[in-house]
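Worksheet: the structure to be examined is printed underneath.
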């Protein structure tokens with residue numbers, strides 16, 4: 001099977017939320033001699049890009065499809081990376097968590113999966129995370145980006161979410177070194193809300209988060 | 001014309017003095033009474049009192065028996081809620097840790113006699129006594145397919161739904177359906193007339209169209225057949241309703257759809273025509289920053305799309321606690337004024 005056919009088959013399986021078929025496509029590709037670099041760079045990443053484009057164009061993809069695509073693709077990339085001929089170059093380092101008072105983790109998990117599939121180093125701080133912990137962990141891990149997820153308006157706009165993180169970054173003179181991205185339902189309903197809370201960017205979904213985080217990392221001063 | 005008469009006439013397509021205007025003020029109740037949320041939600045009469053005061057203050061057409069969504073988990077064994085002064089309480093204890101815990105979900109034989117129903121029942125009793133027969137009394141009930149997310153967590157439930165059918169999944173859905181039917185009965189018997197049937201798993205924003213066609217709609221149909229369509233309002237938890245409206249209408253006979261702010265009102269009206277009530281929903285998160293003029297312009301835009309042909313109700317979504325009172329007045333006043341039939 002040609003690599004384009006493998007990519008097509010993998011994308012179809014993700015679109016159909018058929019986990020078994022998606023994994024079979026990858027297994028068969030590996031068995032047929034497709035190298036780990038090609039699996040990542042010519043199958044997984046273009047498929048995720050394609051899903052993002054379909055989502056942006058006509059909103060034809062659902063949360064469930066994003067969820068499954070992120071989980072499967074991050075698993076595949078994690079399996080392939082140790083098999084690379086040369087050590088891979090990380091796309092960047094991100095710490096992510098749900099804001100204080102927010103106990104919803106599905107959206108965050110999708111973003112974590114998408115970022116890992118995009119070869120970012122991601123540390124998931126979990127649910128109910130304080131602004132101090134976001135910043136302390138970002139500094140400790142050398143992260144360029146802090147990701148803050150909120151399902152509810154008050155956890156998005158609260159003093160312990162992006163506003164609090166922004167204040168701490170300012171206070172510690174870290175704004176040039178660490179960028180802030182937010183996501184979750186409130187930001188979908190008001191696309192200016194990320195500015196109100198002091199974030200540098202927001203993403204509508206996990207797939208979009210990959211490009212947004214990559215863009216923020218370019219702005220980071222070494 | 002009372003608010004209840006207005007709602008019924010609108011559903012039936014008869015002439016009305018103005019469109020019904022619904023506003024969902026829930027967390028505002030504690031602030032209205034000057035109480036901490038935990039104290040406020042502990043007493044059903046306080047919730048009813050706040051609902052009555054809020055309705056009186058702003059002048060809209062409905063009252064709520066809903067305390068917070070997690071209340072349903074308490075009826076199924078959830079032992080802890082996490083309260084916040086800034087927003088709704090969160091479920092703080094998952095009844096199920098995994099799908100091996102289906103047996104831990106105990107459906108009460110009689111929901112109305114469950115201790116966790118005592119305060120909602122007191123709330124309904126007071127609402128019925130004070131405004132019954134004049135204002136629609138609303139309840140919020142989670143659909144069979146969505147309820148497990150509250151027991152197990154969305155992160156764990158979604159992969160189960162996307163995976164192959166298992167005996168545990170079937171058993172959990174059967175339990176949730178049993179509970180759903182009993183809960184609707186309990187709320188109706190206590191005085192609720194409008195039941196918001198919450199089902200994000202029937203929105204294409206949430207699940208693939210194929211899944212909705214093959215699985216979700218069958219459960220919607222079963223839920224509605226079991227309790228009857230009367231007074232039931234289809235709602236996808238803020239996700240878009242329009243892509244599935246036609247299929248739901250054809251399979252269930254539901255006669256009311258509470259849209260998402262992301263739905264196009266005109267498109268929903270085109271799909272429902274005179275077959276059902278369309279509830280247009282303002283994107284109330286923007287009330288946090290909009291000016292009064294912007295609020296009025298958005299209400300006007302929605303009403304221009306929704307009012308022609310009747311069968312239209314104006315409503316809000318989650319109404320975050322941070323919205324200033326002035327903006328609530330601006331929204332409701334505009335809907336009352338511009339929604340008046342000439």
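The values are calculated or read from the model by the stated rules, or taken from the named source; none is laboratory data. Just so you know, these numbers come straight off a predicted model, no measurement behind them. Cβ coordinates were reconstructed from backbone atoms using ideal geometry, including for glycine residues, and neighbour counts include every protein chain displayed.
Highlighted here are the helices (runs of 4 or more DSSP H) found entirely within the range A:88-157 that include at least 3 residues which are farther than 26 Å from residue B:83 by Cβ: A:106-117, A:131-141.
Residues checked against (1) over 19 Å from residue A:155 (Cβ atoms); (2) modelled with pLDDT of 95 or more:
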| site | (1), (2) |
| --- | --- |
| A:86 | yes, no |
| A:89 | yes, no |
| A:92 | yes, yes |
| A:96 | no, yes |
| A:103 | no, no |
| A:118 | yes, no |
| A:123 | yes, yes |
| A:134 | no, yes |
| A:141 | yes, yes |
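The residues of the range A:154-173 that are farther than 16 Å from residue B:286 by Cβ and within 9 Å of another protein chain (Cβ to nearest Cβ), listed by number, are A:155, A:158.
Selection of the range A:174-197 for residues being over 16 Å from the mean Cα position of the chain (by Cα), away from chain B (no Cβ under 14 Å) and either at positive phi or buried (at least 22 other Cβ atoms within 10 Å of the Cβ) (or both) yields only A:178.
Yes/no matrix, rows are residues, columns are (1) crowded, with 23+ Cβ neighbours inside 10 Å; (2) at pLDDT 95 or above:
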{"position": "B:253", "(1), (2)": "no, no"}
{"position": "B:256", "(1), (2)": "yes, yes"}
{"position": "B:276", "(1), (2)": "yes, yes"}
{"position": "B:287", "(1), (2)": "yes, yes"}
{"position": "B:299", "(1), (2)": "yes, yes"}
{"position": "B:304", "(1), (2)": "no, yes"}
{"position": "B:319", "(1), (2)": "no, yes"}
{"position": "B:336", "(1), (2)": "no, yes"}
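A quick yes/no check of all residues on (1) in contact (Cβ under 8 Å) with a residue 40 or more places away in the chain; (2) part of a helix (DSSP H, G or I); (3) in the same structural domain as residue A:74 (by TED's automatic domain parsing):
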| residue | (1), (2), (3) |
| --- | --- |
| A:9 | no, yes, yes |
| A:12 | no, yes, yes |
| A:17 | yes, no, yes |
| A:22 | yes, yes, yes |
| A:27 | no, yes, yes |
| A:41 | no, yes, yes |
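I need the full set of residues from the range B:301-342 which are more than 30 Å from residue B:67 (Cβ to Cβ) and outside any loop (DSSP other than H, G, I, E, B), in order please. B:301, B:303, B:304, B:305, B:337, B:338, B:340 - these are the residues of the range B:301-342 that are more than 30 Å from residue B:67 (Cβ to Cβ) and outside any loop (DSSP other than H, G, I, E, B). Right, residue A:75: within 22 Å of residue A:152 (Cβ to Cβ), within 14 Å of chain B (Cβ to nearest Cβ) and in contact with a helix residue (DSSP H, G or I) (Cβ under 9 Å, 6 or more places away or on another chain) or not? It is false that residue A:75 is within 22 Å of residue A:152 (Cβ to Cβ), within 14 Å of chain B (Cβ to nearest Cβ) and in contact with a helix residue (DSSP H, G or I) (Cβ under 9 Å, 6 or more places away or on another chain). Which residues, counting only those in the range A:1-19, are closer than 23 Å to residue A:82 by Cα and at pLDDT below 95? Selection gives A:3, A:19.
Pairing residues of the range B:288-310 that are closer than 23 Å to residue B:278 by Cα with residues that are modelled with pLDDT of 95 or more and outside any helix (DSSP H, G or I), at Cβ distances under 6 Å and at least 6 apart in sequence or on separate chains, gives B:302/B:280; B:303/B:339; B:306/B:280; B:306/B:312. Is there a residue in the range B:202-220 that is away from chain A (no Cβ under 14 Å), closer than 17 Å to residue B:256 by Cβ and surrounded by 21 or more Cβ atoms within 10 Å (Cβ to Cβ)? Among the residues of the range B:202-220, at least one is away from chain A (no Cβ under 14 Å), closer than 17 Å to residue B:256 by Cβ and surrounded by 21 or more Cβ atoms within 10 Å (Cβ to Cβ), which makes the answer yes. Taking the range A:1-60 as the range and being within 14 Å of chain B (Cβ to nearest Cβ) and under 16 Å from residue A:78 (Cβ atoms) as the test, the residues that pass are A:19, A:22, A:23.
Only one entry of B:136, B:120, B:88 meets the criterion of being under 28 Å from residue B:279 (Cα atoms) and modelled with pLDDT under 95, and that entry is B:88. Against the numbered list (1) under 20 Å from the mean Cα position of the chain (by Cα); (2) over 20 Å from residue B:57 (Cβ atoms); (3) within 14 Å of another protein chain (Cβ to nearest Cβ), residue B:312 comes up short only at (3). From the list A:109, A:79, the lone residue that is closer than 20 Å to residue B:238 by Cβ and surrounded by fewer than 23 Cβ atoms within 10 Å (Cβ to Cβ) is A:109. Take the conditions (1) within 27 Å of residue B:281 (Cβ to Cβ); (2) crowded, with 21+ Cβ neighbours inside 10 Å; residue B:31 misses just one of them, which is (2).
Summed over the range B:68-87, the residues that are on the phi > 0 side of the Ramachandran plot and part of a helix (DSSP H, G or I) give a count of 0. The lone criterion from (1) surrounded by 16 or more Cβ atoms within 10 Å (Cβ to Cβ); (2) closer than 30 Å to residue B:244 by Cβ left unmet by residue A:58 is number (1). Which ones in the range A:113-129 are within 26 Å of residue B:89 (Cα to Cα) and within 14 Å of chain B (Cβ to nearest Cβ)? Of everything in the range A:113-129, those that are within 26 Å of residue B:89 (Cα to Cα) and within 14 Å of chain B (Cβ to nearest Cβ) turn out to be A:124, A:126, A:127, A:128.
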